[in-house]
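Structure record follows, encoded as C-alpha cells.
Quick note: the coordinates plus some simple rules give every number you see, no bench work behind them. These numbers were taken from a predicted model, which means no experiment stands behind them. Quick reminder, even Gly has a Cβ in these numbers, built from the backbone with ideal geometry, and neighbours come from all protein chains shown.
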Amino acid sequence: MSLIDGRSPSADWVAKDMEAMLRECDALILSKDELTRRLQESIETLQREMAKTAEEREQAALQREKAREWLDGFQATVRKGATLRASLRPQESVQLRLVQPSPEPPGEPSTQAAPVRVEGSRSIAAMRVISSDARRAWSASDVAQLLESNTPRAVRRTRCLLEHLQRLSVLQKVHSSDGKRAYYRLAASWEAA
C-alpha cells in the first residue's frame, strides 16, 4: 500500500498496512521454521553419519590390531624356524657325509652274517613286505598302506616300527637327495623268531 502525497494515513489504511505486515511476517516465520527444520534434519543426518563413521573406524582399528598381532606372531615363528633350521644344518651336513663302506650293493642282505632274529607279529609282517622287493627303498607310508590300509596314525606307528628294525641292523635307512624324506631297505638276512 502507498499513501497519496500530502495526505495523512487513515485508520483503515493503517489497519490494512498492519495486516499486510502480519502476512509478510507470518510468511517469513514459516520460511525460517522450514529452513530450521531442514537444517536440524541435516544436522541429525550428519550426526548419524559421524557416529557410523566413528564405529567403522573403531572396528577397523581393532581388526588392524588383530592383524598386526597375528603378523608379529607369524614372523616370530618364521624366525624361530629359521634359527632352528640354521642350528640343525651343520649336524645334518655331517650326517650326510658319513658313509659306511660296504662291499655289497645297497639293499642286498648280508650272506656272511647270521640271520637277524625278528620278533613280534607286526615286525615280521613289515619285514615280509620289505623283503618282497629287497632292492626297493620303502617309505613308512608305503609299508603302512600294505600293513594297515588307511587306519588312523598308521604311518606314525609304522615309522616307529621301521626305526626299531633299523636299530636291529636288519634295515638300512636312506634319505632323499633333499634330505627331507627317509626310506628303508633290507640290510641283512633275517628270520622270524
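Whose amide H sits under 5 Å from the amide H of ARG181, counting only residues 5 or more places off or on another chain, with H placed in the peptide plane?
Residues meeting the criterion, in which the H sits 1.01 Å from N, are SER176.
Tally Lys/Arg at +1 and Asp/Glu at -1 over every other residue whose Cβ is under 10 Å from the Cβ of ALA182; what's the total?
Its environment carries a net charge of +3.
May I ask you to derive the FRET efficiency for ALA125 and ARG85 from their Cβ-Cβ distance with R0 = 41 Å, giving the value to the nearest 0.05?
Between ALA125 and ARG85 the formula returns 0.70.
Could you sort the peptides 29-42, 145-158 by per-residue average Cβ neighbour count (10 Å cutoff), highest mean leading?
In descending order of packing, they fall as 145-158, 29-42.
Please give the contour-minus-distance gain from HIS164 to TRP13: 0.36 nm per residue of separation, less the Cα-Cα distance, rounded to one decimal in nm.
The span from HIS164 to TRP13 would gain 42.0 nm if fully extended.
Would you mind putting 59-65, 127-133 in packing order, based on average other-beta-carbon counts within 10 Å, highest first?
Result, highest mean Cβ count within 10 Å first: 127-133, 59-65.
Please turn the phi angles of segment 137-148 into ³J(HN,Hα) values with the Karplus equation 6.51 cos²θ - 1.76 cosθ + 1.60 (θ = phi - 60°), one per residue in order, whole Hz, x for glycine and proline.
Each residue of segment 137-148 in turn: 8, 9, 8, 4, 5, 4, 5, 4, 4, 6, 7, 10 Hz.
Can you list residues whose amide H is under 5 Å from TRP190's amide H, if they're 5+ apart or on another chain and H is modeled 1.01 Å from N?
Residues meeting the amide H criterion: VAL116.
Counting only other residues whose beta carbon sits under 12 Å from that of ALA144, what net charge do I get with K and R as +1, D and E as -1?
+3
At 7 Å along the Cα-to-beta-carbon direction for both GLN59 and ARG38, put a label point, then send me their distance in nm to one decimal.
Taking the two extended label points, one gets 3.3 nm.
Add +1 for every Lys or Arg and -1 for every Asp or Glu among the other residues with Cβ under 15 Å from the Cβ of THR45, and state the total.
Value of the local net charge: +1.
Mind giving me the FRET efficiency for ARG157 and GLU69? R0 is 35 Å, r the Cβ-Cβ distance, nearest 0.05 is fine.
Efficiency, rounded to the nearest 0.05: 0.35.
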